[in-house]
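J.: The structure is given below, and queries will be raised subsequently.
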Amino acid sequence: MFDLGLNNQRVRHLNKRILLALIYRYKHASKSMLAQHTGLSIPAIGKILEELLDEGKIEHSDRMLSNRGLSGGSYQIPAGNALILCMNVTPNCIESQLVNSQILPLGEYQFTAVSAPHPQDLLTAIEQVYYQKRKLYPQRTIQLALAIHGQVDPVTGVSQNMPQAPWKEHIEMKYLLEEKLKTRVLLDNDCVMLALAEKWQNTDNQQDFCVINVDYGIGSSFVINQQIYRGSLYGSGQIGHTIVNPDGVACDCGRYGCLETVASLSALKKRARIWLKSQPHNSIQTDWDSLSSKQLIERYHQGDPQVQSWVDSAASAIGLSLYNFLNILNINRIYFYGRSCAFGDRWLSAIMRQTGFNPFDPADPNMTNATRIGFGQLTRPQQIMGIGYLYAEKALEGV
(Lines give C-alpha, C1' and ligand atoms only; values in the text may rest on other atoms or scores of the structure.)
Protein backbone atom coordinates (compact mmCIF):
# COMPACT_ATOMS: atom_id res chain seq x y z
CA MET A 1 0.00 0.00 0.00
CA PHE A 2 1.05 3.58 -0.61
CA ASP A 3 0.99 6.20 2.13
CA LEU A 4 -1.30 8.88 0.73
CA GLY A 5 -0.31 11.40 3.39
CA LEU A 6 -2.55 12.96 6.00
CA ASN A 7 -6.20 12.01 5.64
CA ASN A 8 -8.99 13.46 7.77
CA GLN A 9 -8.64 10.79 10.46
CA ARG A 10 -4.90 11.39 10.82
CA VAL A 11 -5.39 15.14 10.97
CA ARG A 12 -7.99 14.71 13.70
CA HIS A 13 -5.67 12.37 15.61
CA LEU A 14 -2.84 14.90 15.35
CA ASN A 15 -5.07 17.74 16.51
CA LYS A 16 -6.17 15.70 19.55
CA ARG A 17 -2.54 15.25 20.55
CA ILE A 18 -1.85 18.96 20.10
CA LEU A 19 -4.81 19.98 22.28
CA LEU A 20 -3.93 17.46 24.98
CA ALA A 21 -0.30 18.67 24.99
CA LEU A 22 -1.47 22.28 25.39
CA ILE A 23 -3.67 21.29 28.34
CA TYR A 24 -0.73 19.53 29.99
CA ARG A 25 1.46 22.58 29.41
CA TYR A 26 -0.93 25.29 30.58
CA LYS A 27 -2.86 23.16 33.15
CA HIS A 28 -6.16 24.93 32.38
CA ALA A 29 -7.24 25.86 28.86
CA SER A 30 -10.41 27.38 27.45
CA LYS A 31 -11.72 26.81 23.93
CA SER A 32 -10.71 30.30 22.88
CA MET A 33 -7.21 29.82 24.26
CA LEU A 34 -6.81 26.53 22.40
CA ALA A 35 -8.12 28.13 19.22
CA GLN A 36 -5.62 30.95 19.57
CA HIS A 37 -2.69 28.53 19.93
CA THR A 38 -3.73 26.17 17.13
CA GLY A 39 -5.55 28.30 14.57
CA LEU A 40 -8.50 25.88 14.66
CA SER A 41 -12.08 27.15 14.82
CA ILE A 42 -14.05 27.07 18.07
CA PRO A 43 -16.49 24.44 16.67
CA ALA A 44 -13.56 22.23 15.61
CA ILE A 45 -11.97 22.65 19.04
CA GLY A 46 -15.28 21.73 20.68
CA LYS A 47 -15.62 18.46 18.77
CA ILE A 48 -12.08 17.36 19.63
CA LEU A 49 -12.57 18.25 23.28
CA GLU A 50 -15.76 16.19 23.37
CA GLU A 51 -13.80 13.17 22.13
CA LEU A 52 -11.13 13.68 24.78
CA LEU A 53 -13.84 14.04 27.43
CA ASP A 54 -15.52 10.80 26.31
CA GLU A 55 -12.17 9.01 26.48
CA GLY A 56 -11.58 10.27 30.01
CA LYS A 57 -8.33 12.02 29.09
CA ILE A 58 -9.56 15.46 30.22
CA GLU A 59 -12.31 16.93 32.37
CA HIS A 60 -14.30 20.14 32.25
CA SER A 61 -13.98 22.77 34.95
CA ASP A 62 -16.18 25.79 35.72
CA ARG A 63 -13.02 27.82 36.25
CA MET A 64 -13.05 30.87 33.97
CA LEU A 65 -9.80 32.08 32.46
CA SER A 66 -11.14 35.46 31.35
CA ASN A 67 -13.40 38.09 32.86
CA ARG A 68 -14.53 39.32 29.47
CA GLY A 69 -17.84 38.15 28.09
CA LEU A 70 -19.33 34.67 28.45
CA SER A 71 -17.09 31.76 29.31
CA GLY A 72 -17.61 28.06 28.85
CA GLY A 73 -15.16 27.25 31.62
CA SER A 74 -11.90 25.44 31.00
CA TYR A 75 -10.43 21.97 30.50
CA GLN A 76 -7.80 20.15 32.48
CA ILE A 77 -6.22 16.74 33.07
CA PRO A 78 -8.53 14.83 35.48
CA ALA A 79 -7.57 15.80 39.03
CA GLY A 80 -8.49 12.37 40.37
CA ASN A 81 -5.87 10.49 38.36
CA ALA A 82 -2.86 8.94 40.05
CA LEU A 83 -0.30 11.12 41.80
CA ILE A 84 3.31 11.01 40.59
CA LEU A 85 6.35 10.88 42.85
CA CYS A 86 9.24 12.42 40.91
CA MET A 87 12.74 11.42 42.02
CA ASN A 88 16.28 12.21 40.95
CA VAL A 89 18.36 9.23 42.07
CA THR A 90 22.11 8.89 42.62
CA PRO A 91 24.03 6.56 44.95
CA ASN A 92 24.54 9.54 47.29
CA CYS A 93 21.15 11.24 47.42
CA ILE A 94 17.51 11.18 46.35
CA GLU A 95 15.72 14.41 45.49
CA SER A 96 11.95 14.10 45.36
CA GLN A 97 8.85 16.12 44.59
CA LEU A 98 5.30 14.78 44.69
CA VAL A 99 2.97 16.13 41.97
CA ASN A 100 -0.65 15.61 41.03
CA SER A 101 -1.87 14.24 37.69
CA GLN A 102 -1.64 17.73 36.17
CA ILE A 103 2.03 17.78 37.27
CA LEU A 104 1.54 20.53 39.80
CA PRO A 105 3.51 20.25 43.07
CA LEU A 106 2.03 18.75 46.24
CA GLY A 107 4.02 19.53 49.36
CA GLU A 108 7.68 20.49 49.47
CA TYR A 109 10.77 19.42 47.57
CA GLN A 110 12.77 16.91 49.62
CA PHE A 111 16.49 16.07 49.71
CA THR A 112 17.47 12.73 51.23
CA ALA A 113 21.09 11.73 51.77
CA VAL A 114 21.78 8.12 50.81
CA SER A 115 24.50 5.61 51.63
CA ALA A 116 24.28 2.83 49.05
CA PRO A 117 27.28 0.50 48.87
CA HIS A 118 25.10 -2.07 47.07
CA PRO A 119 22.23 -1.80 44.53
CA GLN A 120 19.70 -3.16 47.03
CA ASP A 121 20.56 -0.31 49.41
CA LEU A 122 19.61 2.21 46.74
CA LEU A 123 16.36 0.40 45.96
CA THR A 124 15.53 0.34 49.67
CA ALA A 125 16.15 4.10 49.90
CA ILE A 126 13.77 4.70 46.97
CA GLU A 127 11.13 2.52 48.64
CA GLN A 128 11.44 4.44 51.92
CA VAL A 129 10.83 7.79 50.21
CA TYR A 130 7.83 6.26 48.43
CA TYR A 131 6.32 4.92 51.67
CA GLN A 132 6.71 8.34 53.32
CA LYS A 133 4.48 9.85 50.65
CA ARG A 134 2.02 6.96 50.83
CA LYS A 135 1.43 7.80 54.52
CA LEU A 136 0.40 11.32 53.50
CA TYR A 137 -1.98 10.12 50.77
CA PRO A 138 -3.07 6.60 51.80
CA GLN A 139 -6.15 6.58 49.57
CA ARG A 140 -4.39 7.72 46.39
CA THR A 141 -2.42 5.73 43.84
CA ILE A 142 1.12 7.07 43.60
CA GLN A 143 3.19 6.24 40.53
CA LEU A 144 6.96 6.67 40.30
CA ALA A 145 8.94 8.75 37.81
CA LEU A 146 12.68 8.26 38.27
CA ALA A 147 15.58 10.25 36.85
CA ILE A 148 18.64 8.01 37.14
CA HIS A 149 22.23 9.21 37.05
CA GLY A 150 24.15 7.54 34.20
CA GLN A 151 23.06 5.44 31.24
CA VAL A 152 19.51 4.09 31.32
CA ASP A 153 17.36 1.96 29.03
CA PRO A 154 13.94 3.65 29.43
CA VAL A 155 12.11 0.80 27.68
CA THR A 156 13.30 -2.07 29.88
CA GLY A 157 13.79 0.20 32.88
CA VAL A 158 17.36 -0.96 33.46
CA SER A 159 20.05 1.25 34.99
CA GLN A 160 22.99 0.20 32.83
CA ASN A 161 25.81 2.30 34.23
CA MET A 162 25.85 4.61 37.26
CA PRO A 163 29.27 6.32 37.34
CA GLN A 164 29.16 7.38 41.02
CA ALA A 165 28.16 3.91 42.21
CA PRO A 166 30.62 1.44 43.76
CA TRP A 167 29.01 -1.34 41.72
CA LYS A 168 29.22 -2.03 37.98
CA GLU A 169 26.30 -4.40 37.40
CA HIS A 170 23.00 -3.46 35.77
CA ILE A 171 19.95 -2.85 37.98
CA GLU A 172 16.48 -3.82 36.75
CA MET A 173 14.94 -0.85 38.56
CA LYS A 174 11.57 -0.78 36.86
CA TYR A 175 10.86 -4.49 37.34
CA LEU A 176 12.12 -4.68 40.93
CA LEU A 177 10.30 -1.55 42.11
CA GLU A 178 7.04 -2.42 40.38
CA GLU A 179 7.15 -5.88 41.94
CA LYS A 180 7.81 -4.50 45.41
CA LEU A 181 5.61 -1.39 45.40
CA LYS A 182 2.82 -2.66 43.12
CA THR A 183 2.70 0.60 41.20
CA ARG A 184 3.70 1.89 37.78
CA VAL A 185 7.30 3.03 37.32
CA LEU A 186 8.76 5.10 34.47
CA LEU A 187 12.40 6.11 34.37
CA ASP A 188 15.02 7.81 32.23
CA ASN A 189 18.36 9.57 32.45
CA ASP A 190 18.77 12.66 34.68
CA CYS A 191 19.64 14.85 31.67
CA VAL A 192 16.39 13.77 30.01
CA MET A 193 14.70 15.00 33.20
CA LEU A 194 16.18 18.46 32.61
CA ALA A 195 15.18 18.43 28.93
CA LEU A 196 11.60 17.48 29.82
CA ALA A 197 11.51 20.21 32.45
CA GLU A 198 12.59 22.81 29.88
CA LYS A 199 10.29 21.47 27.19
CA TRP A 200 7.14 21.51 29.30
CA GLN A 201 7.73 24.33 31.79
CA ASN A 202 9.61 26.94 29.78
CA THR A 203 7.13 28.42 27.31
CA ASP A 204 9.95 30.44 25.72
CA ASN A 205 11.87 27.48 24.32
CA GLN A 206 11.94 26.59 20.64
CA GLN A 207 11.42 23.38 18.66
CA ASP A 208 15.09 22.46 19.05
CA PHE A 209 17.29 23.00 22.09
CA CYS A 210 19.86 21.31 24.28
CA VAL A 211 20.42 21.05 28.04
CA ILE A 212 23.90 20.39 29.41
CA ASN A 213 24.45 19.27 32.99
CA VAL A 214 27.95 20.01 34.29
CA ASP A 215 28.31 18.45 37.70
CA TYR A 216 30.03 15.30 38.96
CA GLY A 217 30.17 14.35 35.28
CA ILE A 218 28.99 16.07 32.11
CA GLY A 219 25.81 15.00 30.37
CA SER A 220 23.45 16.47 27.82
CA SER A 221 20.09 15.88 26.23
CA PHE A 222 18.79 17.12 22.89
CA VAL A 223 15.24 18.07 21.98
CA ILE A 224 14.71 18.02 18.23
CA ASN A 225 11.35 19.07 16.80
CA GLN A 226 10.01 19.08 20.38
CA GLN A 227 10.94 15.41 20.86
CA ILE A 228 13.64 14.01 23.16
CA TYR A 229 16.32 12.44 20.97
CA ARG A 230 17.59 9.32 22.75
CA GLY A 231 19.20 7.34 19.94
CA SER A 232 18.53 3.67 19.15
CA LEU A 233 20.72 2.52 22.07
CA TYR A 234 19.54 5.33 24.40
CA GLY A 235 23.05 6.75 24.59
CA SER A 236 22.46 10.07 22.87
CA GLY A 237 23.84 13.17 24.56
CA GLN A 238 27.13 11.75 25.81
CA ILE A 239 28.92 15.06 25.34
CA GLY A 240 31.02 14.26 28.40
CA HIS A 241 32.63 11.42 26.48
CA THR A 242 33.71 13.40 23.46
CA ILE A 243 37.50 13.19 23.29
CA VAL A 244 39.27 16.52 23.76
CA ASN A 245 42.77 15.12 24.36
CA PRO A 246 43.63 11.69 22.89
CA ASP A 247 46.74 11.58 25.11
CA GLY A 248 44.82 12.54 28.23
CA VAL A 249 44.00 10.57 31.35
CA ALA A 250 41.82 7.46 31.41
CA CYS A 251 38.06 7.93 31.66
CA ASP A 252 35.60 5.59 33.42
CA CYS A 253 34.22 4.73 29.98
CA GLY A 254 37.57 3.09 29.07
CA ARG A 255 38.84 5.72 26.65
CA TYR A 256 41.36 8.50 27.18
CA GLY A 257 40.97 12.27 27.28
CA CYS A 258 37.17 12.54 27.46
CA LEU A 259 35.70 15.93 28.27
CA GLU A 260 34.64 14.66 31.71
CA THR A 261 38.29 14.00 32.60
CA VAL A 262 39.19 17.70 32.25
CA ALA A 263 36.01 19.74 32.78
CA SER A 264 33.72 18.06 35.34
CA LEU A 265 33.70 18.97 39.02
CA SER A 266 35.19 15.59 39.89
CA ALA A 267 38.03 16.18 37.39
CA LEU A 268 38.75 19.65 38.78
CA LYS A 269 38.92 18.32 42.35
CA LYS A 270 41.20 15.49 41.23
CA ARG A 271 43.46 18.01 39.51
CA ALA A 272 43.65 20.00 42.74
CA ARG A 273 44.65 16.91 44.73
CA ILE A 274 47.37 15.98 42.27
CA TRP A 275 48.75 19.52 42.28
CA LEU A 276 48.81 19.54 46.08
CA LYS A 277 51.13 16.56 46.17
CA SER A 278 53.72 18.50 44.16
CA GLN A 279 53.78 21.42 46.63
CA PRO A 280 55.76 21.87 49.86
CA HIS A 281 53.57 20.73 52.76
CA ASN A 282 53.63 24.08 54.54
CA SER A 283 52.95 26.30 51.53
CA ILE A 284 49.24 25.51 51.15
CA GLN A 285 46.70 26.74 53.67
CA THR A 286 43.80 24.67 52.33
CA ASP A 287 43.35 20.93 52.76
CA TRP A 288 43.05 20.35 49.04
CA ASP A 289 42.96 16.58 49.50
CA SER A 290 39.48 16.78 51.06
CA LEU A 291 38.30 19.73 48.95
CA SER A 292 34.53 19.77 48.35
CA SER A 293 32.83 21.16 45.25
CA LYS A 294 31.48 24.04 47.34
CA GLN A 295 34.96 24.91 48.60
CA LEU A 296 36.40 24.76 45.09
CA ILE A 297 33.74 27.18 43.83
CA GLU A 298 34.34 29.50 46.79
CA ARG A 299 38.09 29.63 46.13
CA TYR A 300 37.36 30.39 42.47
CA HIS A 301 35.25 33.42 43.45
CA GLN A 302 37.84 34.47 46.02
CA GLY A 303 40.29 34.92 43.15
CA ASP A 304 42.61 31.96 43.71
CA PRO A 305 44.72 32.16 40.51
CA GLN A 306 45.43 28.44 40.37
CA VAL A 307 41.77 27.47 40.67
CA GLN A 308 40.69 30.14 38.20
CA SER A 309 43.22 28.85 35.69
CA TRP A 310 41.91 25.28 36.01
CA VAL A 311 38.27 26.32 35.77
CA ASP A 312 38.83 28.63 32.79
CA SER A 313 40.67 25.84 30.97
CA ALA A 314 37.82 23.43 31.75
CA ALA A 315 35.25 25.91 30.45
CA SER A 316 37.20 26.33 27.21
CA ALA A 317 37.18 22.55 26.73
CA ILE A 318 33.40 22.49 27.21
CA GLY A 319 33.04 25.31 24.69
CA LEU A 320 35.15 23.47 22.12
CA SER A 321 33.06 20.30 22.43
CA LEU A 322 29.87 22.32 22.29
CA TYR A 323 31.09 24.13 19.17
CA ASN A 324 31.43 20.77 17.40
CA PHE A 325 27.93 19.73 18.50
CA LEU A 326 26.48 23.02 17.26
CA ASN A 327 28.02 22.56 13.83
CA ILE A 328 26.76 18.98 13.54
CA LEU A 329 23.22 19.39 14.88
CA ASN A 330 22.63 23.11 14.22
CA ILE A 331 20.87 23.54 17.56
CA ASN A 332 21.18 27.14 18.67
CA ARG A 333 19.50 27.25 22.10
CA ILE A 334 21.54 25.77 24.97
CA TYR A 335 20.70 25.73 28.69
CA PHE A 336 23.35 24.93 31.32
CA TYR A 337 22.51 23.21 34.60
CA GLY A 338 24.49 21.56 37.40
CA ARG A 339 26.64 22.74 40.29
CA SER A 340 29.32 24.06 37.95
CA CYS A 341 26.94 26.86 37.01
CA ALA A 342 27.86 28.37 40.39
CA PHE A 343 31.19 29.39 38.82
CA GLY A 344 29.07 32.11 37.24
CA ASP A 345 29.36 34.47 34.30
CA ARG A 346 33.14 34.20 33.86
CA TRP A 347 32.84 30.43 33.43
CA LEU A 348 29.95 30.83 30.96
CA SER A 349 31.85 33.52 29.02
CA ALA A 350 34.83 31.18 28.60
CA ILE A 351 32.47 28.58 27.12
CA MET A 352 30.83 31.10 24.81
CA ARG A 353 34.16 32.37 23.47
CA GLN A 354 34.74 28.96 21.91
CA THR A 355 31.25 28.75 20.39
CA GLY A 356 31.24 32.37 19.19
CA PHE A 357 33.28 31.51 16.11
CA ASN A 358 30.54 29.40 14.56
CA PRO A 359 30.74 30.32 10.85
CA PHE A 360 27.20 29.04 10.27
CA ASP A 361 25.50 31.35 12.77
CA PRO A 362 23.18 33.64 10.79
CA ALA A 363 24.09 37.32 10.62
CA ASP A 364 20.72 38.30 12.03
CA PRO A 365 20.59 41.94 13.20
CA ASN A 366 17.76 41.06 15.59
CA MET A 367 19.61 37.99 16.89
CA THR A 368 16.38 35.98 16.70
CA ASN A 369 18.05 32.94 15.19
CA ALA A 370 21.60 33.30 16.47
CA THR A 371 23.00 30.85 18.98
CA ARG A 372 21.90 31.59 22.55
CA ILE A 373 23.74 29.99 25.46
CA GLY A 374 22.79 30.64 29.05
CA PHE A 375 22.01 29.26 32.48
CA GLY A 376 18.76 27.37 32.87
CA GLN A 377 16.26 29.35 34.95
CA LEU A 378 14.14 26.54 36.39
CA THR A 379 14.28 26.03 40.15
CA ARG A 380 15.50 22.70 41.52
CA PRO A 381 11.94 21.52 42.37
CA GLN A 382 10.89 22.40 38.80
CA GLN A 383 13.83 20.43 37.47
CA ILE A 384 12.85 17.39 39.53
CA MET A 385 9.24 17.71 38.34
CA GLY A 386 10.52 17.40 34.78
CA ILE A 387 10.78 13.62 35.04
CA GLY A 388 7.06 13.50 35.85
CA TYR A 389 6.34 14.57 32.29
CA LEU A 390 7.27 11.06 31.18
CA TYR A 391 3.64 10.32 32.07
CA ALA A 392 2.40 13.23 29.94
CA GLU A 393 4.40 11.94 26.98
CA LYS A 394 3.05 8.42 27.51
CA ALA A 395 -0.47 9.85 27.57
CA LEU A 396 0.16 11.62 24.27
CA GLU A 397 1.43 8.39 22.71
CA GLY A 398 -1.88 6.76 23.62
CA VAL A 399 -4.04 9.37 21.88
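The values are calculated or read from the model by the stated rules, or taken from the named source; none is laboratory data. Note that the structure is predicted; figures quoted are calculated from it, not measured. Don't worry about glycine lacking a Cβ; one is built from the backbone with ideal geometry, like all the others, and counts go over all protein chains shown. Just so you know, the surface numbers come from the protein's heavy atoms only, side chains and all, with ligands and any DNA or RNA stripped out. Shrake-Rupley method; radii C 1.70, N 1.55, O 1.52, S 1.80 Å.
J.: In degrees between 0 and 90, to the nearest 10, how far off the longest principal axis of the chain does helix 119-136 point, with axes built from Cα atoms?
T.: Approximately 40 degrees, to the nearest ten.
J.: Right, next: Once the Cα atoms of the stretch 8-61 are picked out, what are the Rg and Dmax in Å?
T.: Every Cα atom of the stretch 8-61 included, Rg and Dmax give 10.1, 29 Å.
J.: Collect residues whose amide H, placed 1.01 Å from N in the peptide plane, falls under 5 Å from the amide H of Trp167; neighbours closer than 5 in sequence don't count.
T.: Under 5 Å from the amide H of Trp167: no residue qualifies.
J.: Give the longest segment of the chain that steers clear of chymotrypsin sites (Phe, Trp or Tyr not before Pro) in DSSP loops with at most 12 neighbouring Cβ atoms within 10 Å, not counting the sites themselves.
T.: 3-356
J.: How tilted is helix 305-329 with respect to the longest principal axis of the chain? Cα atoms for both, answer in degrees (0 to 90, nearest 10).
T.: Taking the Cα atoms of the chain, the angle to 305-329 is about 40 degrees.
J.: Hey, another quick one. Restricting to the chain, what percent of DSSP beta bridges are antiparallel, rounded to 5?
T.: Working: 31 of 51 bridges.
Counting only bridges with both partners in the chain, antiparallel ones make up about 60 percent.
J.: Run the reach check for Lys199 against aspartates and glutamates, Cα to Cα strictly under 18 Å, same-chain hits fewer than 8 apart removed. What comes back?
T.: Filter leaves Asp188, Asp190, Asp208, Glu393, Glu397.
J.: How far, in nm, would the chain grow between Lys394 and Tyr137 when pulled straight, counting 0.36 nm per residue and subtracting the alpha carbon separation?
T.: 90.1 nm
J.: State the antiparallel share, in %, of DSSP beta bridges confined to the stretch 77-167, rounding to the nearest 5.
T.: 70
J.: Taking the simple approach of a point 7 Å from Cα along Cα-to-Cβ for both Asn161 and Leu329, what is their distance in nm?
T.: Going from the Asn161 label point to the Leu329 one covers 1.8 nm.
J.: While we're here: Determine, at each q value in 0.06, 0.10, 0.11 (inverse angstroms), the log₁₀ of I(q)/I(0) that the Debye formula gives when each Cα of the chain is one equal point scatterer.
T.: Cα-only, vacuum Debye calculation for the chain: -0.28, -0.76, -0.90.
J.: Let me ask another. Which GluC sites (Glu not before Pro) from the stretch 145-220 combine a DSSP loop assignment with at most 13 other Cβ atoms within 10 Å?
T.: Here the GluC sites (Glu not before Pro) that fit, given the DSSP loop and packing criteria, are Glu169.
J.: Under a GNM of the chain (C-alpha, springs under 10 Å), which listed residue has the highest mean-square fluctuation: Ala263, Ala197, Ala21?
T.: Greatest mean-square fluctuation among the candidates belongs to Ala21.
J.: Which pairs break 22 Å Cα to Cα here: Lys174/Lys294; Lys135/Lys182; Lys16/Lys174; Lys27/Lys180; Lys16/Lys394? Let's see the in-between values first.
T.: On the way: Lys174/Lys294 33 Å; Lys135/Lys182 16 Å; Lys16/Lys174 30 Å; Lys27/Lys180 32 Å; Lys16/Lys394 14 Å.
Going by Cα-Cα distance, Lys174/Lys294; Lys16/Lys174; Lys27/Lys180 fall outside the 22 Å limit.
J.: List the trypsin sites (Lys or Arg not before Pro) in the stretch 153-225 that DSSP assigns to loop (not H, G, I, E or B) and whose Cβ has at most 13 other Cβ atoms within 10 Å. Which are they?
T.: Lys168, Lys182
J.: In Å², what does the accessible area per residue of the chain work out to with a 1.4 Å probe?
T.: On a per-residue basis, the chain sits at 51 Å².
J.: May I ask for the angle, rounded to the nearest 10°, between helix 345-355 and the longest principal axis of the chain, with both axes built from Cα atoms and the value confined to 0 to 90°?
T.: So the inclination is approximately 80 degrees.
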